[in-house]
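The block underneath contains the structure these notes are about, expressed in structure tokens.
FYI, it's all coordinate maths here, none of it is from the lab. Keep in mind that what you see is a predicted model, and the values were worked out from it rather than measured. As a convention, Cβ positions derive from the backbone with ideal geometry for all residues, glycine included, and neighbour counts pool all protein chains shown.
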Amino acid sequence: MCGRFALSLDPADLADAFPEFAFPPGIVPRFNIAPTQPILALPNDGRHQADFFLWGLIPPWAKEASIGARLINARAETLAEKPAFRAAYRYRRCLIFADAFFEWQARPGTKTKVPHLIRLKSGAPFAFAGLWETWQPADGSQVRSATIITTAPNELVAPIHNRMPVILPPDAYAQWLDPAPLPPAVLQQLLAPYPADEMTAWPLSTQVNDPANDRPEILQAI
């Protein structure tokens, strides 16, 4: 599962890291992004233009937007089977931008869970593999939403949590963002755990447990 992440770069640094993409105005550093909040994503519509989507996929057939809170993640192994994800997997894929994500490590014999920050050793931003949809409520407006795809953990994440988000390498962006419908057999090979030797992790204060704590201090190791 990936239930919290950060995109703490200044907008200029983000644009420098992804020069092939265009970014909207209004980006501010975020240190504790939570489900149902806006996230920065780039859909496979051929424009290479990022925008803000709600975190939590709302399928077109949904009666209520609240379903999105239950669809913040999509398991890579079952994307082609689940009704909420299978059409988006074939037709509506996206990149979701981040520079860290958080997982909670259970302590045996206790109810305590220790939050950990996980990022690239380089500190560079990266892109999760995601899916997106457009949902139309009764008022006729349109809501664009997205979900983060998860997979089995690599050797770094496994002692902390039994899932991790799919981080796509840059050489996979073009295929993932192809506007053409692609079969699952072609896409599945992209949804592998990111190499552990390129990542690092450290424990955090439990202040990160509260999404209202959205400030740089929560990223510091304890």
Report task. Kindly indicate whether any position in the stretch 193-209 is assigned to a loop (DSSP other than H, G, I, E, B), touching a residue at least 12 places away in the same chain (Cβ under 8 Å), touching a helix residue (DSSP H, G or I) at 6+ places or on another chain (Cβ under 9 Å) and under 28 Å from GLU133 (Cα atoms). Result -> no
Requested in this report: Can you work out which of the residues in the stretch 5-43 that are touching a helix residue (DSSP H, G or I) at 6+ places or on another chain (Cβ under 7 Å) and of a type outside the set (Ser, Thr, Tyr) is surrounded by the most Cβ atoms within 10 Å (Cβ to Cβ)?
Outcome: ALA6
Query raised in the report: Among the residues of the stretch 33-67, which ones are assigned to a loop (DSSP other than H, G, I, E, B) and among the polar types (S, T, N, Q)?
Result: THR36, GLN37, ASN44
Report summary line: By residue number, the members of the stretch 1-51 that are at negative phi and hydroxyl-bearing (Ser, Thr, Tyr) are SER8
Query raised in the report: Can you name every residue in the stretch 56-70 that is surrounded by 22 or more Cβ atoms within 10 Å (Cβ to Cβ) and over 12 Å from the mean Cα position of the chain (by Cα)?
Result: ILE58, GLY68
Query raised in the report: For ALA80, which of the numbered conditions (1) in a loop (DSSP other than H, G, I, E, B); (2) of a type in the set (Gly, Ala, Ser); (3) surrounded by 13 or more Cβ atoms within 10 Å (Cβ to Cβ); (4) in contact with a strand residue (DSSP E or B) (Cβ under 9 Å, 6 or more places away or on another chain) fails to hold?
Result: (4)
